[in-house]
């Protein structure tokens, strides 16, 4: 369970943009690649606050029948 400080709104607004990183020396490609792979499989990735602390990432992928 994530009990950290969470992610600020300004970072959440940009975190899936190419080359955006909050880490020194980060490439800013990790979440871009993840979101692209999920989208290529007709899925979604969402990020939201986990009250009272932390962040939740949700990934939804369709089930092939």
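The values are calculated or read from the model by the stated rules, or taken from the named source; none is laboratory data. The model shown is predicted, which means the values in this text are computed figures rather than measured ones. Methodologically, a virtual Cβ is constructed for each residue, glycine included, from the backbone with ideal geometry; neighbour enumeration extends over all protein chains shown.
Summary of values
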quantity	calculated
Residue 20 being within 27 Å of residue 64 (Cβ to Cβ), in a loop (DSSP other than H, G, I, E, B) and either modelled with pLDDT of 95 or more or touching a strand residue (DSSP E or B) at 6+ places or on another chain (Cβ under 7 Å) (or both)	no
The range 56-65 - residue that is out of contact with any strand residue (DSSP E or B) (no Cβ under 6 Å at 6 or more places or on another chain) and in contact (Cβ under 8 Å) with a residue 12 or more places away in the chain and, of those, surrounded by the fewest Cβ atoms within 10 Å (Cβ to Cβ)	62
Subset of the range 22-46 [surrounded by 14 or more Cβ atoms within 10 Å (Cβ to Cβ) and either closer than 13 Å to residue 57 by Cβ or more than 12 Å from the chain's Cα centre (by Cα) (or both)]	31, 34, 35, 38, 45
